[in-house]
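Scroll down for the structure; my scribbles are underneath it.
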Amino acid sequence: MDIVGKEAISVDVGQRLRALREERGVSMRSLARRSGLSANALSMIERNLTSPSVSTLNKLAAAMEVPITAFFRQEPDRSNIVFRKASERTRVPFMRGIWEGLGGEYFTGRVEAFLLTLENGGSSGPNGMLHTGHEFVFCLRGTLDYDIEGQHYLLEAGDSLIFAAQLNHRWRNPGPTVVNAIILISGFDESERPGEFHLASTGGEDPFVPEI
C-alpha cells in the first residue's frame, strides 16, 4: 500500500483546457464565442504555444461554467492510505474564504473532505448547487447557515448536518466571527468531483436572507 508523498505534480494547462472542452462537447469556435477570445488564441493555448493569463483562464472558466481550479486539477496516482500534513493542503482562496482539501483528491474511494473557512458575509455564492452522494457538515467555530431546498439550518460550534447532496444547497456565514467547518462528501458518482461544485459558485457576498 503506497502512501502519497510530497512531490508536486506539474499540470499541463493546455491539455486540461482541451480535456474540459471535450468533456463538455464544446467546439473551439463555440468556446471562442462564449469567452470573447479568438479561436486562434485558444488553439495556441491548447498546443502550449502560449501561456494564458489568470484573466484569460477566468474567462474560459466562466464560459465553460467550471471553477478556475478545474484547470489545475491534479490527477495523481490514488492510494488507499492518504496522509496529509497541514502545510501540504491544497488551498483555494476565494472572496472572504478559503477552501482547503484534506486529501480526498488522492484517495481511491469516493470520499472528499474539506476544511471551509469563511469571514463574515462569505458564502458559496447566490446560486445553489447539487451533486450526487451525501454531504456531512461539522461546524468547528462560528455560525454557518446552510440553505437546503429553501430550508435553513443554522450550525454553531459542535453542530452537525447530514443530507442527500442532490438537494439544492448553499452556505454562508451570517455571523460576526470567522467560521471553520469540516465538509465531507461521500458516495458520489465516479465521474463527479463534488468539491468543484462548491467552488464553482463562490464569489463573495450572497444576497439571500435566512428565513429562520
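So, counting K/R as plus one and D/E as minus one, what does the shell of residues with Cβ under 15 Å around LEU167 add up to? Residues close to LEU167 contribute a combined charge of -2. Taking only the Cα atoms of the range 13-72, the ratio Rg/Rh comes out at 0.89, with Rh defined as the Kirkwood radius. Most tightly packed first, judged by the mean number of other beta-carbon atoms within 10 Å of their residues, the peptides 98-111, 149-162 read 98-111, 149-162. Sorting 40-47, 81-88, 129-136 by average packing, meaning the other beta carbons within 10 Å per residue, from highest down gives 129-136, 40-47, 81-88. Close amide H partners of THR132, meaning residues 5 or more places away or on another chain with modelled amide H under 5 Å apart, are ASP189.
Laboratory data are not the source of any read-out in this text; all were calculated from the coordinates shown. This structure is a prediction, so every number in the text was calculated from the model and none was measured. Glycine gets a Cβ as well: all are built from the backbone with ideal geometry, and neighbour counts include every protein chain shown.
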